[in-house]
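Engineer: Here it is, the structure, as structure tokens.
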Amino acid sequence: MNDIQKRVNEVIQNLNWLLEAHNSSVELVEIRGNTVIISCVGACADCDTDCVGVAFSERMPEIKLIFE
């Protein structure tokens, strides 16, 4: 597991702990270089607050995040 994958997994783990309260989760779909593709599942999938995007941009500003 490379550094970017390890860091992505840490962010997802922290997010999922919080999103459980909303019956939601974030799943890693794929990593392509500095592009991270994720999927939001549950009520948070259609949320306008973008807490998932904010969490990634604060912790990993060097990546390009794509929601699938």
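Engineer: In this structure, is residue 5 polar (S, T, N, Q), loosely packed, with under 12 Cβ neighbours inside 10 Å and in a helix (DSSP H, G or I)?
Structural biologist: It is false that residue 5 is polar (S, T, N, Q), loosely packed, with under 12 Cβ neighbours inside 10 Å and in a helix (DSSP H, G or I).
Engineer: Name the single residue that is surrounded by the most Cβ atoms within 10 Å (Cβ to Cβ) among those in the stretch 9-60 being in a strand (DSSP E or B) and of a type outside the set (A, V, I, L, M, F, W, C).
Structural biologist: 24
Engineer: For residues that are in contact (Cβ under 8 Å) with a residue 24 or more places away in the chain and under 17 Å from residue 68 (Cα atoms), tally how many sit in the stretch 16-46.
Structural biologist: Number of matching residues: 11.
Quick note: the coordinates plus some simple rules give every number you see, no bench work behind them. These numbers were taken from a predicted model, which means no experiment stands behind them. Note that we place each Cβ from the backbone using ideal geometry, even for glycine, and neighbour counts take in every protein chain shown.
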